[in-house]
Amino acid sequence: MGRKKITNLFPDYIRTGKADLEVLSQLVLSAKGERSMNDFANECGVNTSTISRIINMKNTTACSDEVLVAISKAADPNSGVTLEKLLAANGMVKLVPAGTEGAVVSPSQIVFGLADIAEEQNIEPDSNSSNTFLRNAAKTLTGYMLEQNYRETLQNAFLMNGYFVELVSYENMIWPRTKHYMADFAIRTNALLEEGIDTWLFECKSYTAGIGRGTISKMNQLFAMAYMESPREHGIKVSVVVNHVAMIEQAREYYAGCRIRDYFSFILIDPVNRCVKDEFCIPRIDGTEKSVFKVQDGR
């Protein structure tokens, strides 16, 4: 018998904590209404024991997505129980661009919410304290959302420009042989096939105090690795993705006089509207550098 394929039913949601078993129990009890446990379980298409364990708070892990969907569909119409409420009780929140009308929660609210908890509890940034998990969680979540936002924006940009895209597995994000570098994410595309490029690696950077702290140094690090082993020879292009115009203008000025053999660039995205605003391709020795994105140069 083959393995069951694991499917993510809610790609726009992220788990931010453990399930609230008490809230989940109350929601499922309300969803059941006047029906017996057996009747409700049958309507949900699950075993009676599954419903019983949720109501009696016997589960040690979060409920499966499929069970929550089934419960929401079979819920008593007068109960007020919705899939969104069930997901929230299960430790899930929806990721949407900040400022979106009708948003359940924005990424910034999640991150700053964790930070606020740390502040309210007067948690000092003590590396030996177990409470530092709050600050570390905020940092990790920020990085995750940044990468997800950039990845989805670039995927859409490729598709809207008529190119094929395929996400690359983690083992193929590593620079061949040297194995000194792993990209934040990678896309396989036909956008640069004429130049012999089929894989595009991306490094994510965000605007901070001091403009693009680490942005130029990261590209210089990539240059050094390219000197040891050319990514072009492996069909690879590498881009540093940024989210503030000051960062790409800084790079454009810094690398204006460069002439290189490989394919490197800086890509500016609008993280709110999720579109590519600009791409600065570092000049190549043969003058063939060009952007595959249809962008309006607002400089």
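Residues with beta-carbon under 14 Å from that of residue 270, excluding residue 270: net charge, scoring Lys, Arg +1 and Asp, Glu -1? Walk me through the intermediate numbers first.
Numbers: positive: 274, 277; negative: 152, 278, 279.
Within the 14 Å Cβ shell, the charges total -1.
With the simple spin-label model, which puts each label point 7 Å out from Cα in the Cβ direction, the residue 10 to residue 273 separation comes to 3.1 nm.
If R0 is taken as 25 Å, the Cβ-Cβ distance between residue 181 and residue 245 corresponds to a FRET efficiency of 0.40. Spherically averaged projected area of the convex hull of Cα atoms, segment 13-94: 4.6 nm².
Taking other Cβ atoms within 10 Å as a rough exposure proxy, 223, 158, 266 sort from fewest to most as 223, 158, 266.
Spin-label model, residue 156/residue 233: points 7 Å from Cα along the beta carbon direction are separated by 3.9 nm. Loop-located trypsin sites (Lys or Arg not before Pro) in segment 30-79 (DSSP state other than H, G, I, E, B) with a sparse environment of at most 15 neighbouring Cβ atoms within 10 Å: 35, 58. Cross-link check: pairs 32/85; 18/205; 205/290; 18/73; 218/277; 218/290 evaluated at a Cα-Cα cut-off of 19 Å; pairs beyond the cut-off: 18/205; 205/290; 18/73; 218/277; 218/290.
Pick out, in residue order, every one of the GluC sites (Glu not before Pro) in segment 16-80 that is DSSP loop and has at most 13 other C-beta atoms within 10 Å; say none if there are none. Please report the intermediate quantities before stating the final value.
Values: sites: 22, 34, 43, 66; in loops: 34.
The qualifying sites are 34.
Once divided by 2.2 N^0.38 Å, the Cα radius of gyration of segment 152-281 becomes 1.01.
Just so you know, all these numbers are worked out from the coordinates, no wet-lab data involved. Bear in mind the structure is a predicted one, so any value in this text is a computation, not a measurement. FYI the Cβ positions are ideal-geometry reconstructions off the backbone, even for glycines, and counts take in every protein chain you see.
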